[in-house]
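All remarks here apply to the structure that follows.
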Amino acid sequence: MLYIGCHLPSSKGYLAMGRHAVALGANTFAFFTRNPRGGSAKKINTSDVEAFLKLAESHNFGTLVAHAPYTMNLCSNNLSIREFGRNMLADDMKRMEMTPGQYYNFHPGSHVGQGVDLGIEQIAETLNNVLTKEQSTTVLLEGMAGKGSEIGSKFEELKAILDKVELKEKMGVCLDTCHLWEAGYDIVNDLNGVLEEFDRIVGIKYLKAMHLNDSKNPIAAHKDRHELIGEGHIGKEALIKIINHPELRKLPFILETPNDDEGYANEIKLMQSNYTKW
Ligand code: FE
Ligand code: FE
Ligand code: ZN
């Protein structure tokens, strides 16, 4: 079974997202836990969540991959931005427990001139401050394209963060195909080599989810511009290999391509029809 979906608007609640996913042919999805620009989140409605969980079960949904707001920067050079991020993370961890056992993906952050080492220190410090033994959510570090002072475009940086986190069993990694490519990892010509490197440096068991995107740019561009599947420099064939790869094929794949609903439904169908059943 290929688990594939896309980003869905979350403003109408969980059941609406579940129905939206089903309508697109998706069996997992991503959503922003709050307005992507940040700020306070709406209260979660228990009966909405219950209805959603029923629907998700009857449609055999895979694990969801929630996305933290883009404004969350746990290694900003500005203390109040770091605290704002910490508070959103803590609140999101509580909210995620309404749907137990899902993934919560976030961008490690941009160090804005403070340097990679201090940035990594600050990210890990906040995770250690917020994560609890009791939580059922797995928090995923997203691998980044390396735009500006972004941390996490190198496997070594993801590893350095994980090394400093105490509750490692609550942590994982989400790799984004556009980000990998633009960070300089050649997933088109050497997918096995990239995954072996990830395994050697981070450990493949940490890889929990994938973002499936084509890229508007050539390899190592560090610009982070997503493209429609098959319209970019990664191409359809390489992305089909990725969803079928033995180490990846069971992970949830989230499309973050510049699409409307019809485009997403078509990309989901394209990937499902090119998924090899074992
Ligand atoms: Fe992201
Ligand atoms: Fe992504
Ligand atoms: Zn991106």
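The values are calculated or read from the model by the stated rules, or taken from the named source; none is laboratory data. Source: prediction; values computed, not measured. FYI the Cβ positions are ideal-geometry reconstructions off the backbone, even for glycines, and counts take in every protein chain you see. Protein only, heavy atoms only, side chains kept; ligands, DNA and RNA dropped before computing areas. Shrake-Rupley method; radii C 1.70, N 1.55, O 1.52, S 1.80 Å.
Filter the range 64-94 for residues that are open to solvent by less than 50 Å² (accessible area, probe 1.4 Å) and over 21 Å from Glu169 (Cβ atoms) and give the result. Before you say what the answer is, go through the steps one by one.
Applying the first criterion (open to solvent by less than 50 Å² (accessible area, probe 1.4 Å)) to the range 64-94 yields 64-69, 72-76, 85, 88-90, 92-93.
The answer is His67, Pro69, Met72, Asn73, Cys75, Ser76, Gly85, Met88.
For the range 218-262: of the residues being open to solvent by 20 Å² or more (accessible area, probe 1.4 Å) and polar (S, T, N, Q), which is farthest from ligand 3 (Cβ to nearest atom)?
Asn244
Are any residues in the range 110-121 open to solvent by less than 30 Å² (accessible area, probe 1.4 Å) and on the phi > 0 side of the Ramachandran plot, and if so, which ones?
The one that is open to solvent by less than 30 Å² (accessible area, probe 1.4 Å) and on the phi > 0 side of the Ramachandran plot: Gly115.
Which one of these is closer than 30 Å to Glu97 by Cα and either of a type in the set (S, T, N, Q) or at pLDDT 95 or above (or both): His226, His222, His211?
Just one listed residue meets the conditions, His211.
Considering every residue within the range 151-164, establish whether at least one is basic (Lys, Arg), open to solvent by 10 Å² or more (accessible area, probe 1.4 Å) and touching a Leu at 6+ places or on another chain (Cβ under 9 Å).
Yes, because at least one residue in the range 151-164 is basic (Lys, Arg), open to solvent by 10 Å² or more (accessible area, probe 1.4 Å) and touching a Leu at 6+ places or on another chain (Cβ under 9 Å).
Taking the options Thr46, Thr33, Thr28, Thr63, name whichever one is touching a Pro at 6+ places or on another chain (Cβ under 8 Å), farther than 17 Å from Ile268 by Cβ and of a type in the set (Ser, Thr, Tyr).
After ruling out the rest, the residue left standing is Thr33.
Filter the range 244-260 for residues that are without any contact (Cβ under 8 Å) to a residue 40 or more places away in the chain and either in a loop (DSSP other than H, G, I, E, B) or within 15 Å of ligand 1 (Cβ to nearest atom) (or both) and give the result.
Within the range 244-260, Pro246, Pro258, Asp260 meet the criteria.
Residues to consider are Lys164, Lys170, Lys154, Lys147; find the one that is farther than 17 Å from Cys75 by Cβ and touching a helix residue (DSSP H, G or I) at 6+ places or on another chain (Cβ under 9 Å).
Sole residue among the options that is farther than 17 Å from Cys75 by Cβ and touching a helix residue (DSSP H, G or I) at 6+ places or on another chain (Cβ under 9 Å): Lys170.
Is it the case that Asn266 is away from ligand 2 (no atom under 16 Å from the Cβ), farther than 23 Å from Gly148 by Cβ and not in a loop (DSSP other than H, G, I, E, B)?
Details: away from ligand 2 (no atom under 16 Å from the Cβ): yes; farther than 23 Å from Gly148 by Cβ: yes; not in a loop (DSSP other than H, G, I, E, B): yes.
For Asn266, the condition - away from ligand 2 (no atom under 16 Å from the Cβ), farther than 23 Å from Gly148 by Cβ and not in a loop (DSSP other than H, G, I, E, B) - is met.
Could you please find all residues in the range 107-121 being in contact with a His (Cβ under 8 Å, 6 or more places away or on another chain) and closer than 20 Å to Tyr70 by Cβ?
Result: Gly119, single match.
Can we say Glu150 is within 26 Å of Thr63 (Cα to Cα) and among the acidic types (Asp, Glu)?
So Glu150 does not fit the description; no.
Out of all the residues in the range 171-178, is one or more farther than 25 Å from Glu121 by Cβ and either at pLDDT 95 or above or away from ligand 3 (no atom under 15 Å from the Cβ) (or both)?
Yes, the range 171-178 contains a residue that is farther than 25 Å from Glu121 by Cβ and either at pLDDT 95 or above or away from ligand 3 (no atom under 15 Å from the Cβ) (or both).
Only residues that are crowded, with 24+ Cβ neighbours inside 10 Å and either under 19 Å from Arg249 (Cβ atoms) or of a type in the set (Asp, Glu) (or both): list them for the range 165-184, please.
Matches in the range 165-184: Val173, Cys174, Leu175, Asp176, Thr177, Leu180, Glu182.
Specify the residue that is surrounded by the fewest Cβ atoms within 10 Å (Cβ to Cβ); the eligible residues are those in the range 123-150 that are closer than 19 Å to Tyr70 by Cα and of a type in the set (Gly, Ala, Ser).
For the range 123-150, the residue satisfying everything is Gly148.
Considering (1) open to solvent by less than 20 Å² (accessible area, probe 1.4 Å); (2) of a type outside the set (Ser, Thr, Tyr); (3) within 16 Å of ligand 3 (Cβ to nearest atom); (4) within 30 Å of Leu15 (Cβ to Cβ), say which one His107 fails and leave the rest.
His107 satisfies every listed condition except (1).
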